[in-house]
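This is the structure I want to talk about, given as C-alpha cells.
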Amino acid sequence: MVKKTSSKTTSNPSSISPLLSRPGGFIGGKWVLKGEQTFDVRNPATGELLAKLPVMGVKETEAAIAVAAETVRQATPSLEARAGWLFKIVQLLKENREDLARIITLEQGKPLDESRGEIDYAVGFFQFFGDNIEVLRERRIAGPIRGCCWTVHHRPAGVVGLITPWNFPLAMLAKKLAAAIGAGCASVVKPASMTPLTCVALWSLLERIDLPKGCANLVLGSSSTIGEVIFRDDRVRLISFTGSTEVGRLIFAQSANSLKRLSLELGGNAPFIVFDDAAIEQAVNALIANKFRCAGQTCVSANRVYVHRDIHAAFTEALVERVKQIKVGNGLEPDTKIGPLINRESFRKVSKHVSDALRHGAKRVAGTAPVEPKQDWGFFFPPTVLTGAKPEMLAFREETFGPVISMATFRTEKEAIAAANSTQYGLASFVFTKDQARVERMAASLYFGHMAVNSGVSPTPEAPFGGFKQSGMGREGGIEGLLEFCEPQSVAMAND
Ligand code: NAP
Ligand code: MG
C-alpha cells in the first residue's frame, strides 16, 4: 500500500548511494522520475525519510506492458546471450554488494550481515540459471514417431508480471527476474512499496548492460492500481508473485479471464519437529538462526515448534538461555541480531498472536510484554518464547511473521505428523532426529515443499522451492524454476 504524500520534506537518496541517483521507475530503457504524486520510503528503524518516489499508475503500467510485448515479439535472444546477461548481473551485484546491503538494511531494517547474505543468495539465482541455460536447448526425440521427426523447444512464456514482497527486497525478485531473463521473457516488475529502493538500485546496474530495451521494466506505486492492469492484460502471460495468501487468491481470481499461468509463493505455517533422539544444541541453534532471521518475517520461519515431551524441559532451558542474549535494534549497528518489524500492522499482528496465546493458557518463558510505539517507526518486538501452545491458538493457526517461538509437546511420531499436516499451508518443514528410517517416513508423510533434516536451512538457488496446498503453486529455483518461465513447444516434421 502506498501512502501518497505532498509534504515539502526533501530527501537526497543519492547521498545514500550513487546507485540511487535516479530515484524512479524504468520503462523501455528510460527512467521515469516524475509522477503526479510521490510516495515516501522511510527507514523502519529510525523513521528517516530515505526517498520520495513517483507514483506510477495505469498509463505507465500499460506503457511497460506494451514495450515488454514489443520486446518479446523480436527474435528470441540466443541462450549464449541470455547466459551472458545473467553473468554480467552476477558481476555487478558482487561489485556493489556493500552499497546494496546498506540500502536493504536502510529500507527493510534487517541486520547488515543478513542483507549481505541476501545479496549472495540473490547472486546465486543469476549464476545458477546462467550455468544451467543448456537445459533450454532444443531436444530431439528419438524416432521417427508417427511418421515424423519430433523436437521440443522451450519458448519464453512471454511478458511476465513480477510482484515482490518487502521481506527480501532483492532475493525475492532475483528468483523471478533471473529465470525470466534466462527463459527469454520480458518483465514488468512491481516491488513492495515499503522497500522499492533496492530495485531502483538494481535497475541502475541493469542499465549498464546490453539487455534489450524493454526486457526489464520497473513500475512503482499503488499495488491495486498496477496489479489490476497487469492481471487484466491478455499480453501478460505469466504472473509470478511472492506475498500473502490473501493477495495470491486475488491474483488467481483477477487473472482468470485471461487464463494466465501463475507462480504463487504464498504464506507458510512451518512445523519444526524435535524428536527425543535429536541433538538438542543443534536443534536450538537451528531454531534461533531460522526464527530470528529477518525478525521472523520469512515464509520459511518455524511457526509451530513441536518438541518431544521427554526433552522439552532441557530444550526449553537451552533455548531461553540463548534467546535472552539476542540484541534487538537498528540493523546498521554491528551487534544487532533482530531489526524492527516492518510496520504497525505487523507489530499489532504479532502482539495479538502473543496475547491470544497467553489468554489460552500459554506461558511466556522469554520476552517481555510488547509496547507499541506512538510514532510510525521503531516497531522493535522483544524476542519471545511461548510454551504450552495449542492448535486453536492464532499463533499455531496463522503465520506469526515475527520473532515469537511458539512451542507444544508431542509423544509419538504419528501424532507429530498429524499435527504438522493439520494446516492449509505446506511450504517449509524441519525435522530433528538421528533415525534415518524415521527421516524417510517423515519426508514421505509431510506435505511441505521443503523439508530440512537436522538443519534450519532455507531454500537455495540450486533446488526447486515452493508450496504444497495453499502455500502456492509453481517452483522457484532449480531447473524447475527456469522451466516455470517457458512454454514447451513440440514440433513434429513429416519425414518426407
Ligand atoms: P502482501 O499484501 O501480499 O504484499 C506483497 C506484494 O503484493 C507487495 O508488492 C504488495 O504491494 C503487493 N500487493 C498487495 N496488494 C496487491 C494487490 N491488490 N494487487 C497486486 N499486488 C498487491 O503482503 P503484506 O500485506 O505486506 O504482508 C502480509 C502477510 O503476507 C504477512 O504477514 C505474511 O504472512 C505474508 N507475506 C509472505 C511473504 C512471503 O515471503 N511468502 C512475504 C511478505 C508477506 P504494496 O507493497 O505496494 O502493497
Ligand atoms: Mg497487504
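The values are calculated or read from the model by the stated rules, or taken from the named source; none is laboratory data. Please read all numbers here as calculations on a predicted model, not as lab measurements. Cβ atoms come from the backbone with ideal geometry, glycine included; neighbour counts cover every protein chain shown. Accessible surface is based on the protein model in full, side chains and every heavy atom, while ligands, DNA and RNA are left aside. Shrake-Rupley method; radii C 1.70, N 1.55, O 1.52, S 1.80 Å.
Would you work out if the chain is rounded, prolate or oblate? Take a ≥ b ≥ c from the square roots of the eigenvalues of the alpha-carbon gyration tensor; rounded if a/c is under 1.5, else prolate when a/b is larger than b/c, oblate otherwise. Please list the in-between numbers first.
Values: a/c = 2.00, a/b = 1.26, b/c = 1.59.
Oblate.
Show which lysines lie in cross-link reach of Lys59 when reach means a straight Cα distance below 17 angstrom and same-chain residues fewer than eight apart are skipped.
Reachable lysines: Lys30, Lys34, Lys190.
Would you calculate the separation in nanometres between label points at Arg348 and Lys59, each defined as 7 Å from the Cα along the Cα-to-beta-carbon direction?
With each label point 7 Å from Cα toward Cβ, the separation is 3.5 nm.
Sticking with this one: Restricting to the chain, compute how many DSSP beta bridges are antiparallel as a %, nearest 5.
Beta bridges within the chain, antiparallel portion: roughly 45 percent.
Which value, in Å² and to the nearest 10, is the accessible area of His153 when all protein chains are kept and the probe is 1.4 Å?
Answer for His153: close to 30 Å² accessible.
Do you know the relative contact order of region 233-390, to the nearest whole percent, from alpha carbon pairs under 8 angstrom that are 6+ apart?
Details: 200 pairs, mean separation 26.8, N = 158.
So the answer I get is 17 percent.
Have a look at the DSSP beta bridges in region 270-460 and tell me what percent are antiparallel, nearest 5. Write out the running numbers ahead of the final one.
On the way: 4 of 24 bridges.
So the antiparallel bridges in region 270-460 amount to around 15 percent.
Could you sort 210-219, 179-188, 294-303 so that the peptide with the highest average Cβ count within 10 Å comes first and the rest follow in order?
Highest to lowest by the protection proxy: 179-188, 294-303, 210-219.
Show which lysines lie in cross-link reach of Lys434 when reach means a straight Cα distance below 25 angstrom and same-chain residues fewer than eight apart are skipped.
Once the sequence-local lysines are set aside, what remains near Lys434 is Lys291, Lys414.
Please report the accessible area of Asp276 (heavy atoms, 1.4 Å probe, ligands and nucleic acids excluded) in Å², nearest 10.
The value for Asp276 is about 70 Å².
What nm distance separates the two modelled labels at Ala279 and Glu36, each placed 7 Å from Cα along Cα→Cβ?
Label at Ala279, label at Glu36, 6.2 nm between them.
Ranked highest first by average number of other Cβ atoms within 10 Å, how do 168-176, 88-96 line up?
Highest mean packing first, the order is 168-176, 88-96.
If you don't mind, another one. Only loop residues by DSSP count here, and only those with at most 16 other Cβ atoms within 10 Å; note down the GluC sites (Glu not before Pro) in region 369-430 that meet that.
Sparse-neighbourhood loop GluC sites (Glu not before Pro): Glu392.
To the nearest 0.05, how large is the calculated FRET efficiency for Glu462 and Asp335 if R₀ is 41 Å and r is the Cβ-Cβ distance?
0.80
Among 261-267, 421-427, 442-448, how do they line up from the highest to the lowest mean number of other beta-carbon atoms within 10 Å?
Output ranking for 261-267, 421-427, 442-448: 261-267, 421-427, 442-448.
Let me ask you something else. How much of the DSSP beta bridge set in region 362-496 is antiparallel, as a percent to the nearest 5?
Rounded to the nearest five, the antiparallel share is 45 percent.
Here is a follow-up. What does the extension gain come out to for Asp310 and Lys327, with contour length at 0.36 nm per residue minus their alpha carbon separation?
So the extension gain works out to 3.1 nm.
Taking R0 as 56 Å, what FRET efficiency do you get between Glu372 and Thr76 from their Cβ-Cβ distance, rounded to the nearest 0.05? Please list the in-between numbers first.
Numbers: r = 53 Å, r/R0 = 0.94.
According to the calculation, E is roughly 0.60.
With a probe of 1.4 Å, find how much accessible area region 270-460 has per residue, and write the answer as a whole number in Å².
42 Å²
So if we plug the beta-carbon distance of Tyr447 and Ser21 into 1/(1 + (r/R0)^6) with R0 = 51 Å, what FRET efficiency do we get, rounded to 0.05?
Efficiency, from the Cβ-Cβ distance: 0.60.
A further question on this structure: Just how far, in whole angstrom, is region 391-432 from region 225-265 if you go by their alpha carbon centroids?
Here the two parts' Cα centres lie 29 Å apart.
Could you please state how large a percent of the accessible area of region 270-460 is carbon and sulfur, counting protein chains only and using a 1.4 Å probe?
Reported share for carbon and sulfur atoms: 52 percent.
How do Thr105, Thr412 stack up against each other in accessible area, from largest to smallest, with a 1.4 angstrom probe?
Descending order: Thr412, Thr105.
Can I ask one more? Using the Cα centre as the reference, give the magnitude of the dipole from point charges on the C-beta atoms of the chain (Lys, Arg: +1; Asp, Glu: -1; all else neutral), rounded to the nearest 20 debye.
Result for the chain is approximately 860 debye, rounded to the nearest 20.
Just going by the charge dipole of the chain, with Lys and Arg at +1 and Asp and Glu at -1 on Cβ, which of Pro169, Phe231, Ala286 is farthest out on the positive end?
Phe231
Still on this structure, I have one more. Where does helix 245-254 land angle-wise versus the long Cα axis of the chain, in degrees 0 to 90, nearest 10?
So the inclination is approximately 30 degrees.
So, one more: Residues in region 15-33 near a label at Ser258, defined as backbone nitrogen under 20 Å from the 7 Å Cα→Cβ point?
26-29
Now a separate question. Express in nm, to one decimal, how much length is gained between Glu317 and Thr151 on full extension, taking 0.36 nm for each residue of separation and deducting their alpha carbon distance.
Taking Glu317 through Thr151 to full extension adds about 53.6 nm, to one decimal.
With θ taken as phi - 60° and the coefficients 6.51, -1.76 and 1.60, list the Karplus ³J(HN,Hα) couplings across region 411-426 in order, rounded to whole Hz; mark glycine and proline as x.
10, 10, 4, 4, 5, 5, 5, 4, 5, 4, 7, 7, 8, 7, 8, x
Next up: Give, in nm to one decimal, the length gained when the segment between Glu415 and Glu487 is fully stretched (0.36 nm per residue of separation minus the Cα-Cα distance). Please report the intermediate quantities before stating the final value.
Working: separation 72, 0.36 × 72 = 25.92 nm, distance 4.23 nm.
Full-extension gain reported as 21.7 nm.
May I pose another question? Straight-line reach only, C-alpha to C-alpha below 16 angstrom: list the aspartates and glutamates that Lys260 could link to, leaving out same-chain residues fewer than 8 apart.
Within the straight-line cut-off, Lys260 pairs with Glu228, Asp233, Asp234, Glu484, Glu487.
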